Amino acid sequence: MKIWVDADACPVVIKEILFKASQRTRIPMTLVANHAMRLPKQHWIDFLQVGQGFDVADNAIVKRIAPGDLLITADIPLASEAIGKGATALNPRGELYTLDNIQARLTVRNFMDAVRSSGVNTGGPPPLNQRDRQAFANQLDRFLQRAATSRETGE
């Protein structure tokens with residue numbers, strides 16, 4: 001099992017939670033971005049810098065992600081591809097994307113994209129708040145606990 005982070009747009013506070021979780025659990029984590037970033041010197045944390053361009057980082061993640069891995073992303077199409085490969089996807093606000101909800105999320109995302117392309121200013125998401133950070137940390141902990149239990153029982 002590995003944690004993948006769509007790091008270009010991942011908030012710093014979420015990365016800090018992930019750094020601590022990776023070190024605590026010794027689960028390898030790779031951050032993927034098209035620009036350099038500073039990371040803590042930890043054995044379990046890796047960085048993959050990709051070239052500039054539309055979906056270059058996303059494509060690099062999809063190419064490497066495996067069943068049982070966890071992806072951290074707010075990118076719904078990327079989350080959908082990861083789920084299609086047997087991975088789990090979690091957004092920085094603590095929402096777990098699943099087979100049961102990803103299609104609805106894609107539909108809403110595509111509708112909003114169409115509205116924006118017609119010239120309507122829909123605004124962006126609200127700033128990440130303490131409740132979002134806590135929801136993310138809680139979902140991450142639940143996922144990591146399930147993964148640890150699965151490793152222990154051999155499931």
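The values are calculated or read from the model by the stated rules, or taken from the named source; none is laboratory data. All figures in this text were calculated on a predicted structure; none of them were measured in a lab. Cβ atoms come from the backbone with ideal geometry, glycine included; neighbour counts cover every protein chain shown. We work out accessible area using only protein heavy atoms, side chains counted, and drop any ligands, DNA or RNA first. Shrake-Rupley method; radii C 1.70, N 1.55, O 1.52, S 1.80 Å.
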query: If you count, for each residue, the other Cβ atoms within 10 Å and average over each peptide, how do 139-148, 75-84 line up from highest to lowest?
result: 75-84, 139-148
task: Would you list the membrane-span-like helices of the chain, meaning whole DSSP H runs whose alpha-carbon atoms span at least 15 Å along their axis and whose mean Kyte-Doolittle value is at least -0.5?
output: 12-25, 102-117
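Of the heavy-atom accessible surface of the chain (probe 1.4 angstrom), what whole percent is carbon and sulfur? All intermediate terms of the calculation are to be shown ahead of the outcome.
Numbers: 4730 of 8940 Å².
Of all accessible area on the chain, carbon and sulfur atoms account for 53 percent.
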- line: Everything considered on the Cα gyration tensor (a ≥ b ≥ c; rounded for a/c under 1.5, else prolate if a/b is larger than b/c, else oblate), segment 85-155 must be described as oblate
query: Protein chains only, probe 1.4 Å: how do His35, His43 rank by accessible area, largest first?
result: His43, His35
task: Mind ranking Arg131, Arg109 by accessible surface for me, highest first, 1.4 Å probe?
output: Arg131, Arg109
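What whole-number value in Å² describes the accessible area per residue of the chain for a 1.4 Å probe? Mind dumping the intermediate values first?
Working: 8940 Å² over 155 residues.
Normalised by residue count, the accessible surface of the chain is 58 Å².
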